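Notes follow the structure.
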Amino acid sequence: MVEEVTRIVKDIKKGNLRPIYFLMGEEPYYIDQLADYIADNVLTEEEKGFNQMVLYGRDVSLDDVLSQAKRFPMMAERQVVIVKEAQDMSREILSQPDKSKNKLEAYAENPQPTTVLVFCYKYKKLDKRKRVYKEIAKSGLIFESKKLYENQVGDWIRRVMSGKGYTVEPKAAHMLVEFLGTDLSKINNELEKLRLILPEGSTITPLAVEENIGISKDFNNFELQRAIGEKDVVKAHRIINYFSQNPKDNPMVVTIALLFSFFQNLLIYHGLPSKDKSTVAKALKVNPYFVSQYVDAARNYPMKKVSHIVNLLRTADVKSKGVGAYNLSQGDLLKELLVQIMS
């Protein structure tokens, strides 16, 4: 996906502009990045006043958008029309009258060559079988921004920051993913804060993340996972106690989900015929840096025990949602779960 974004940007730089850019998909980060690049770079500052317009799907109709797109530019070669939150007009975009063409489909068949029309269609995508998709694809460009899986986000962080002259330690990337989830826009905002603080060429360490973003490098789910894997009872209980005192920052549902993923991967590890680092990393879809955790945990938890722990985590997940928990706090539920896992 990064390669496709880079290719689109290169084409725009060369002046190879399409009359329609339909940017769609579950991940809004790249949609915003491309729309912002077009807004910043297609027209000069002098041309933007009369020839660049930003509309919002909730405030306008498709007729309004297409009417604006059909205008001729004023004292410039082209105009730019950007429709933010275009998913709010999805009913109009997708409507297919019985005996006439869809309005956007009709425009796409004969787009205004001096207009660059950009749709930011977030969290949804057009059906490739629809005529409107096919017509836009013929005359314009359709870009699908796909959501990254959680195990891909750490690599994304390192790749993005490497391009900006920074190195990111795997644990630091893991902390960011654990704390911020897979929302690339939110992660990018925090990375930009680090860039303002740390000089180019720096290595982003867990300590840098803790000091500048407010994520504890010692009391987090990553360290809890490591402590449980190593059967470090004292450290695991210390982390659980910290979680109990800070439940809003450490929701139990996240802790259980991460532990469930870890022990599921441990089951897969036990079943692998080859245990070399590259094979394990590929099978578990983790950075090779983290393979040693599974090697250590496999010594402490045989396959039968791991299967039992997976069932314990399923039960704990149900209890955390109020089923059969007998009014136990999340802290008490976690302590009970920890005893059961490490016994």
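The values are calculated or read from the model by the stated rules, or taken from the named source; none is laboratory data. The model shown is predicted, which means the values in this text are computed figures rather than measured ones. Glycine also receives a Cβ, built like all others from the backbone with ideal geometry; neighbour counts cover every protein chain displayed. Only protein heavy atoms, including side chains, enter the accessible area calculation; ligands, DNA and RNA are left aside. Shrake-Rupley method; radii C 1.70, N 1.55, O 1.52, S 1.80 Å.
Centre-to-centre separation between the Cα atoms of the stretch 14-76 and those of the stretch 94-172: 14 Å.
Close amide-amide hydrogen proximity is noted between residue 141 and 20, 21, 22, each under 5 Å apart and 5 or more residues distant or on a separate chain (H modeled in the peptide plane; Pro and chain starts excluded).
The HN-Hα couplings worked out from phi for the stretch 288-302 by the Karplus form 6.51 cos²θ - 1.76 cosθ + 1.60 (θ = phi - 60°) are x, 4, 8, 4, 4, 4, 6, 4, 5, 5, 5, 5, 8, 10, x Hz, whole numbers, x standing for Gly and Pro.
When only the heavy atoms of the protein chains count and the probe is 1.4 Å, how do 263, 50, 179 rank by accessible area, highest first?
Putting 263, 50, 179 in descending order of accessible area: 50, 179, 263.
The relative contact order of the stretch 126-285, computed from alpha carbon pairs under 8 Å that lie at least 6 residues apart in sequence, is 15 percent. Scanning residues 5 or more positions from residue 115 or on other chains, those with amide H under 5 Å from its amide H are 79, with H placed 1.01 Å from N in the peptide plane. Straight Cα distances below 16 angstrom link residue 248 to the lysines 321, with same-chain residues fewer than 8 positions distant left out.
Just checking the listed ones, 288, 199, 19: in the Gaussian network model of the chain with Cα springs under 10 Å, the one fluctuating most is 199. Applying both filters, DSSP loop and at most 15 other Cβ atoms within 10 Å, to the trypsin sites (Lys or Arg not before Pro) of the stretch 200-247 gives 231.
Only Lys, Arg, Asp and Glu carry charge here, each on its Cβ (+1 for the first two, -1 for the last two); on that basis the stretch 73-174 has a dipole of about 240 debye about its Cα centre. Distant-in-sequence amide contacts of residue 123, defined by a placed amide H-H separation under 5 Å and a gap of 5 or more residues or a different chain, comprise 25, 26, 27. A Förster distance of 51 Å, applied to the separation of the beta-carbon atoms of residue 340 and residue 58, puts the FRET efficiency at 0.55. Take every Cα pair under 8 Å whose residues are at least 6 apart in sequence, average their separation, divide by the length of the chain, and the relative contact order is 15 percent.
Mean residue ellipticity, 222 nm, helices only, the chain: the sum of -39500 (n - 2.57) across DSSP H runs of n ≥ 4, divided by residue count and rounded to 500, is -17500 deg cm²/dmol. Note on residue 155 and residue 207: the extension gain reaches 16.8 nm, defined as 0.36 nm multiplied by sequence separation minus the Cα-Cα distance.
Let a ≥ b ≥ c be the square roots of the eigenvalues of the Cα gyration tensor of the stretch 256-343; is it rounded (a/c under 1.5), or, if not, prolate (a/b larger than b/c) or oblate? Judged from the Cα gyration tensor, the stretch 256-343 comes out prolate (a/c at least 1.5, a/b above b/c). Comparing 182, 44, 115 in a Gaussian network model of the chain where C-alpha atoms under 10 Å apart are linked, the largest mean-square fluctuation is found at 44. For residue 317, the solvent-accessible surface computed with a 1.4 Å probe is close to 40 Å², ligands and nucleic acids excluded. Using R₀ = 30 Å, calculate the FRET efficiency as 1/(1 + (r/R₀)^6) where r is the Cβ-Cβ separation of residue 230 and residue 281; round to 0.05. After rounding to 0.05, the efficiency reads 0.95. Per-residue extension of 0.36 nm, minus the Cα-Cα distance of residue 11 and residue 146, leaves a gain of 46.5 nm for this segment.
Computed from the C-beta positions of residue 167 and residue 332 and an R0 of 45 Å, the FRET efficiency is 0.65 to the nearest 0.05. The modelled label-to-label distance for the pair residue 26/residue 137, using points 7 Å beyond Cα in the direction of Cβ, is 2.0 nm.
So which trypsin sites (Lys or Arg not before Pro) in the stretch 31-133 are both in a DSSP loop and have at most 16 other Cβ atoms within 10 Å of their Cβ? Passing sites in the stretch 31-133 are 58, 70, 71, 99, 101, 124, 128, 129, 130. Using alpha carbons only, what's the Rg to Rh ratio of the chain with Rh from Kirkwood? With Rh from the inverse mean 1/r over Cα pairs, Rg/Rh is 1.08. Backbone phi angles across the stretch 264-279, fed through the Karplus curve with coefficients 6.51, -1.76 and 1.60 (θ = phi - 60°), yield HN-Hα couplings of 4, 5, 5, 4, 4, 4, 4, x, 6, x, 10, 10, 6, 4, 5, 5 Hz in residue order; Gly and Pro are listed as x.
Per the Cα gyration tensor, the stretch 1-136 maps to an equivalent ellipsoid with semi-axes of 23, 18, 14 Å, ordered largest to smallest.
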